[in-house]
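Engineer: Would you mind keeping the following structure in view while I ask a few things?
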Amino acid sequence: MPKPPRKSQPPSGLTHLGRPSMIPDHPAASILERVPNPHPDADYVTRFTAPEFTSLCPVTGQPDFAHLVIDFVPNRWLVESKSLKLYLASFRNHGAFHEDCTVRIGKDIAALLKPRWLLIGGYWFPRGGIPIDVFWQTGQLPKGVWAPDQGVAPYRGRG
């Protein structure tokens, strides 16, 4: 009779995986973590989607809402998804413009992972009647790698 699969243990040194974690009060208090890429020899796209991202307007203090799509071609590292979820949630009480949030997230992930390529799309819901979409990327998509469209339709309002 075959042995049942073992429960996997979180890689040592990780702060959140397999442990209770609180949402940090602000992005600087976050611990964004990485894990080894099991296929560093292969070029492939990993996508994270955060359709309910929130931050605060730095002027009015009112909430801003965005649909974030993060695509990257990993190199040696992957982002640990629970730490990413907590990192993104830490922006809930953080006052910053749309451009600052989107580019900061892209830069933080790129600095952590040093991916072969990364693209972040921040599709922000209207503020003052104007939707703002922000895009930031590192380098060019590697030759021969397919990255699907991010799949977020332009804002069309009610019409």
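The values are calculated or read from the model by the stated rules, or taken from the named source; none is laboratory data. Keep in mind it's a predicted model, so treat the numbers as computed, not measured. All Cβ positions, even for glycine, are placed from backbone atoms using ideal geometry, and neighbour counts span all protein chains on display.
Engineer: Of ILE130, ILE120, which residue is under 18 Å from LYS85 (Cα atoms) and among the aliphatic types (A, V, I, L, M)?
Structural biologist: Unique residue meeting the criteria: ILE120.
Engineer: Can you give me the number of residues within region 51-98 that are modelled with pLDDT of 95 or more, of a type in the set (S, T, N, Q) and farther than 19 Å from GLY128 by Cα?
Structural biologist: Adding up the residues that qualify gives 4.
Listed here are the residues, each with its yes/no results for (1) without any contact (Cβ under 8 Å) to a residue 60 or more places away in the chain; (2) in contact with a helix residue (DSSP H, G or I) (Cβ under 7 Å, 6 or more places away or on another chain); (3) of a type in the set (S, T, N, Q); (4) farther than 26 Å from PRO154 by Cβ.
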{"site": "VAL45", "(1), (2), (3), (4)": "no, no, no, no"}
{"site": "THR60", "(1), (2), (3), (4)": "yes, no, yes, no"}
{"site": "ASP71", "(1), (2), (3), (4)": "no, no, no, no"}
{"site": "ASN93", "(1), (2), (3), (4)": "no, no, yes, yes"}
{"site": "PHE97", "(1), (2), (3), (4)": "yes, no, no, no"}
{"site": "THR102", "(1), (2), (3), (4)": "yes, no, yes, no"}
{"site": "LYS107", "(1), (2), (3), (4)": "yes, no, no, no"}
{"site": "PRO115", "(1), (2), (3), (4)": "yes, no, no, yes"}
{"site": "ILE120", "(1), (2), (3), (4)": "yes, yes, no, no"}
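Engineer: Follow-up. Where in region 61-159 are there strands (runs of 3 or more DSSP E), lying wholly inside it, with at least 2 residues that are surrounded by 20 or more Cβ atoms within 10 Å (Cβ to Cβ) and of a type outside the set (Val, Ile, Thr)? Walk me through it before giving the result.
Structural biologist: Numbers: elements: 63-73, 77-79, 117-127, 130-138.
Here the list reads 63-73, 117-127.
Engineer: Also: Would you confirm whether any residue within region 23-43 is in contact with a Cys (Cβ under 8 Å, 6 or more places away or on another chain) and not charged (D, E, K, R)?
Structural biologist: Scanning region 23-43 turns up no residue that is in contact with a Cys (Cβ under 8 Å, 6 or more places away or on another chain) and not charged (D, E, K, R).
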